[in-house]
Amino acid sequence: MLDTKEFEKLAAQEQFEERDRFIIFDGHALLYRAYHAFPELTSPDGTLVNAVYGFSRIMLAVIRDFEPEYIAVAFDHKAKTKRAEKYEEYKANRPEMPDDLKPQVELVKKVVKALNIPTFIQEGEEADDLIGSIAKEMRKSGLSDNTLTTVVSGDKDLLQLVSEDVSVWIPGNKWVRDTEYFLPEVVKKMGVRPDQVVDLKALMGDASDNIPGVKGIGKVTAQKLLTEFGTLEKLYEAVDRIVETKEKNAVVKGAVLKKLVADREMAFVSQELARIDRDVKIDFDLNKCRVRDYDKQDVIDLFESLEFSSLIRMLPSDRFEESLQEALF
C-alpha cells in the first residue's frame, strides 16, 4: 500500500510522460456501454449493429488519439466465473444479455480480428482479471518502466489498478467528458486511493455486481473508516480490540460498530469478490501486442457490409499507404 508521502510524490509527478502506450480494451464493458449509448442502427440484413458501431468508433478514436505502440482486447468468457462459483449471488441481479446484443459480440470480435489486434479470453475468468494480470506482468518484467498501460473501459471497478504505470480511460458521452484516471483523479472520484477501492466496495457493497458489503454502511462512512484505518484488516483489528476492551472513547462506536461486528464475514467475502485477481496464468508476450500491419481493404469491406461508412475515415494507415506516402514525400 502506498503511504501518504509516496502518494503525494506520485500525484505531483507529470502524468503525461513521454512513454510508449499499451492500450487494453475491456471488450464486454465497452460493448455494453456502446449498446446503451448509441441509437438503434441496423445492417442491410436487418441485424442490430449499434453496439458494434459504438465499440468500433471508441476503439478507432483511442488508437487515433493515443497512437499506442501496443494494443490488445480482453473479453469475458461465457462460462461461469470463479466468483460466481464462490458466491452464487454474484451478479445474479443482472439480466441476461439482450437477444439483439448476443450476435453483436461475434461481430465485434470479427472487427478486432480484421484489425489484427490480439485478444485475451479465458474460461472462468473475467476480463478485469485478465487485464489486472497483464498489468502485473508488465511491472514484473520491467516493461512498465518505458510503457504506460492504459485500460479503456466503462467499468469503474478497474480504478483499483491505477498506479504510476497504469491509467484507466473511461469514454464519455454527450453529458460527461472522456476521463483518464491517474492517482489524483481516482481520489477525487472515489474519495480513497486506488489501493483502497477494493476495501471501499467491501464496506459499502456494489449493487451493480450484487456485492453485499456491510449492511447499513454507505459510501461516506466507508470513506471515513478507510481514511482512519487504511485497510479493512486494520479496521477489523480495531473493531476486535474495541469489543474486547469495551473502549469508551473509540473512533468506531454505536450503530456503526454493531453493523461491522454483525457483517464481518460478509465484509471479507465482499472484499474477495471486489478484488481483481492479478495472478491469472496467461500466455502474455508484449511483442505479440505490438501494433501490426493489417489489411485495410478487408476492414473497409467489412465496414461497408455493415454500412459503417463514417468509420472508414477513422481507419489508421496500413503498410501499403505508409510506403506510398514515403515514396511521394
Take the conditions more than 30 Å from LEU260 (Cα to Cα) and modelled with pLDDT of 95 or more and apply them to THR179. Does it pass? no
If you check every pair at least six apart or on different chains, which have Cβ atoms under 7 Å apart with a residue in the stretch 106-118 that is over 16 Å from ASN50 (Cα atoms) first and a residue that is modelled with pLDDT of 95 or more and charged (D, E, K, R) second? ALA114/ASP298
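Let me confirm something: among ARG83, ARG57, which residue is among the basic types (Lys, Arg), within 29 Å of GLU180 (Cβ to Cβ) and buried (at least 19 other Cβ atoms within 10 Å of the Cβ)? Quick ask: steps written out before the conclusion?
On the way: ARG57 fails: buried (at least 19 other Cβ atoms within 10 Å of the Cβ).
Being among the basic types (Lys, Arg), within 29 Å of GLU180 (Cβ to Cβ) and buried (at least 19 other Cβ atoms within 10 Å of the Cβ) holds for just one of ARG83, ARG57, which is ARG83.
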Of (1) under 17 Å from the mean Cα position of the chain (by Cα); (2) part of a helix (DSSP H, G or I), GLN122 satisfies every one except (2)
Which of (1) crowded, with 17+ Cβ neighbours inside 10 Å; (2) charged (D, E, K, R); (3) touching a Leu at 6+ places or on another chain (Cβ under 8 Å) does LYS136 not meet, given it meets every other one? (3)
Considering only residues of the stretch 184-195 that are more than 16 Å from GLU164 (Cβ to Cβ) and in contact (Cβ under 8 Å) with a residue 12 or more places away in the chain, which is surrounded by the fewest Cβ atoms within 10 Å (Cβ to Cβ)? LYS189
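Does ALA262 qualify as being aliphatic (A, V, I, L, M) and under 25 Å from TYR90 (Cα atoms)? Even if it seems obvious, please write down each step before you answer.
Numbers: aliphatic (A, V, I, L, M): yes; under 25 Å from TYR90 (Cα atoms): yes.
Taking the combined requirement at face value, the residue satisfies it.
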For the stretch 107-163, how many residues meet the condition of being on the phi > 0 side of the Ramachandran plot and out of contact with any helix residue (DSSP H, G or I) (no Cβ under 8 Å at 6 or more places or on another chain)? 2
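Filtering the stretch 301-312 down to residues that are buried (at least 16 other Cβ atoms within 10 Å of the Cβ) and part of a helix (DSSP H, G or I), which residue is nearest to the chain's Cα centre (by Cα)?
In the first step, residues of the stretch 301-312 are kept if they are buried (at least 16 other Cβ atoms within 10 Å of the Cβ); the result is 302-303, 306, 308, 311.
Subset that is part of a helix (DSSP H, G or I): 302-303, 306, 311.
Values: LEU302: 28, PHE303: 27, LEU306: 28, LEU311: 25 Å.
Filtering the stretch 301-312 for residues that are buried (at least 16 other Cβ atoms within 10 Å of the Cβ) and part of a helix (DSSP H, G or I), the one nearest to the chain's Cα centre (by Cα) comes out as LEU311.
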For the stretch 20-86, which fully contained helices (runs of 4 or more DSSP H) count at least 2 residues that are assigned by TED's automatic domain parsing to the domain that holds ASP165, touching a strand residue (DSSP E or B) at 6+ places or on another chain (Cβ under 8 Å) and within 21 Å of VAL162 (Cβ to Cβ)? 27-37, 50-66
Tell me which of these THR147 doesn't satisfy, since it passes every other one: (1) closer than 27 Å to SER270 by Cα; (2) touching a residue at least 60 places away in the same chain (Cβ under 8 Å). (1)
Please specify each residue of the stretch 313-329 satisfying the condition of being surrounded by 14 or more Cβ atoms within 10 Å (Cβ to Cβ) and either at pLDDT 90 or above or part of a helix (DSSP H, G or I) (or both). MET314, LEU315, PRO316
Please pick out the residue among ASP157, ASP209 that is of a type in the set (Asp, Glu), in contact with a Lys or Arg (Cβ under 9 Å, 6 or more places away or on another chain) and assigned by TED's automatic domain parsing to the domain that holds ARG33. ASP157
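The values are calculated or read from the model by the stated rules, or taken from the named source; none is laboratory data. Remember, predicted model here, so these are calculated numbers, not experimental data. Glycine also receives a Cβ, built like all others from the backbone with ideal geometry; neighbour counts cover every protein chain displayed.
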